[in-house]
Structure formats: structure tokens, C-alpha cells
1. Considering each residue of region 67-80, count those that are touching a strand residue (DSSP E or B) at 6+ places or on another chain (Cβ under 9 Å) and surrounded by fewer than 19 Cβ atoms within 10 Å (Cβ to Cβ), and give that number.
2. Being under 18 Å from T13 (Cβ atoms) and either in contact (Cβ under 8 Å) with a residue 40 or more places away in the chain or of a type in the set (S, T, N, Q) (or both) narrows it down to one residue among A221, A228; which is it?
3. In region 180-237, which residues are more than 9 Å from the ligand (Cβ to nearest atom), among the polar types (S, T, N, Q) and either at pLDDT 95 or above or in contact with a Phe, Trp or Tyr (Cβ under 6 Å, 6 or more places away or on another chain) (or both)?
4. I need the full set of residues from region 169-198 which are touching a Gly at 6+ places or on another chain (Cβ under 7 Å) and either outside any loop (DSSP other than H, G, I, E, B) or over 20 Å from M127 (Cβ atoms) (or both), in order please.
5. Anything in region 151-168 that is over 20 Å from M127 (Cβ atoms) and in a helix (DSSP H, G or I)? List them, or say none.
6. Yes or no: region 103-112 includes at least one residue that is touching a residue at least 40 places away in the same chain (Cβ under 8 Å), over 20 Å from A10 (Cβ atoms) and either part of a strand (DSSP E or B) or within 19 Å of the chain's Cα centre (by Cα) (or both).
7. Among the listed residues D158, D130, D107, which satisfies the condition of being of a type in the set (D, E) and within 16 Å of the ligand (Cβ to nearest atom)?
Amino acid sequence: MKPSDRIFCALDTTETASAVALARKLQGTVGGVKLGLEFFCANGADGFKAVAETGMPIFLDLKFHDIPNTVAGAIRAVAPLGPKILTIHTQGGPEMMRRAAETAAEDAEKHGHDKPWVAGVTILTSMDDDDLKAIGVNDPVADQVARLAALAHKSGLDGMVCSPREIALARAATSTDFKLVVPGIRPAGSAAGDQKRVMTPSDAVSAGADVLVIGRPITQADDPAEAARSIAASINS
Ligand SMILES: O=C(O)c1cc(=O)[nH]c(=O)n1[C@@H]1O[C@H](COP(=O)(O)O)[C@@H](O)[C@H]1O
């Protein structure tokens, strides 16, 4: 796999036209694009289809977190779109994760798409140990991510979302083919913004990330395609 294929660029915008334009600009420099809550709340399925027409593989990041029946229903609702990756929250528990994995497989087949990877979000990369304590989790982030990783794996998910700092422990808690989808990526010298657990692209790939989720370091650059190329080259070297 080429280093650029591992990069999914987060198109965090409410504008379909700018998402489509950026997806076109990034053709050949990244493996796909990510559409998340900001984009989907504004543009829904029509926005997704407009970006999909560029031919870019799409990671649909809606981070479902609800009771098993509702999450299964939401997965059924987006299945016709054929996303490559979907996210749910691991904190929804084992039954919710099992239902999500089963529904994603059944419905992809029904609609003639490849089965999407269902990836479980563990602890958001914007949180640190103090933020976890504030919501009543007294274990350090690393312990909580390891616990949720093992649960996600056992519950039949294809992979998980974690910060680059937890790649090694996530791999140890799961298996070699479990997909590690990793945001919190910052090329040396770029602003962390609201991200608290970050690493450079090359360090994250060396640690074992399967997918790098990168937003602002590419989308806010003067030349996004050049920024993406330079990130891919940094992984190579
Ligand atoms: O699920 C995600 O993709 C995600 C999980 C997480 O823990 N942290 C996180 O930043 N993300 C997403 O990854 C992207 C990171 O964007 P940048 O911080 O701009 O690189 C955003 O679209 C977030 O929604």
C-alpha cells in the first residue's frame, strides 16, 4: 500500500460545493475523504452522493451512540450510500456493537456494496486523563482505551478509532488484522488545536496505524494537495 492510501482527509465543512472541490483537488494524493457530523447534518445523503461522484472512497463518521435497535436502524439508513468506513461509539456496549457489525454486513450485501469497516470510537483524541476523571472514569486514558479495544474486537467490529499514542496497546488488545483508524495526526510544527493526544504521520504509521485521519493540516493549507503530498512523503522517508 502506498503511504498516501492510508490518509483519509476530514472534509469538515457545511458546504457541499467546497467538499466536492476539495475532494477533486485531493484525487491521487490521499486514499479517501471523511465526511462527519458537520457535513452530514447540513447536507445529508445528497451531500454524500455529490462527494461520492468524485470517485473518492468515503469514510462516513457519524459516531453512532444509542441503544442497539436505534444504532442498527441508523446503519441500515446509511447502508445504501456504500461508505468504506463507518463509526459507532464503543461505549454503546457489546450488544450495540454486535448489532451494528451484523447490520452493516447484511445491508451492504443487500445493496451490492463491499462490507464497510465498522470502527469503534474509544476515547476522543480531544480528551486527556483529567477529562476522563471529569466524567467519572478514574482509570488513565490508556487503560480505558485498552479495555474498549478488547471489547470492540470481541463484539465483532472491524476496527477502532484511537489516538496515535494508544496504537501499540490497541494492537496488543486486539489482532493484527484489526483496523486502527487514527486521528490526532499533526505534521511536525503544525498547530494541535483542540487535539490533546497527537503524533506525527510517520510516527503513527511506524507505530502501526492503518488509516490516518487528517483534517486541518491539509484543508487549511494554502495548497491542500501539496500538503497531502508532503505528508505522504514524510511517511515514506
Ligand atoms: O472519529 C474520528 O474521526 C475522530 C475521533 C477522535 O477521537 N478524534 C477526532 O479528531 N476524530 C475526527 O478526526 C478529524 C480530525 O481533524 P483535524 O483535527 O482537523 O485533523 C475530525 O474530523 C474529527 O471529527
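1. So the answer is 2.
2. A228
3. T200, S202, S206, S230, S234
4. If we filter region 169-198 for residues that are touching a Gly at 6+ places or on another chain (Cβ under 7 Å), which is where we start, we get 171, 178-181, 195, 197-198.
Correct list: R171, F178, K179, L180, V181.
5. Once the filter is applied, which keeps residues that are over 20 Å from M127 (Cβ atoms) and in a helix (DSSP H, G or I), region 151-168 yields H153, K154.
6. no
7. On the way: D130 fails: within 16 Å of the ligand (Cβ to nearest atom); D107 fails: within 16 Å of the ligand (Cβ to nearest atom).
Step by step, each of D158, D130, D107 is checked, and only D158 is of a type in the set (D, E) and within 16 Å of the ligand (Cβ to nearest atom).
The values are calculated or read from the model by the stated rules, or taken from the named source; none is laboratory data. Worth saying up front: this structure is predicted, and the values here are computed from it rather than measured. Neighbour counts run over all protein chains shown; Cβ positions are idealised from the backbone, glycine included.
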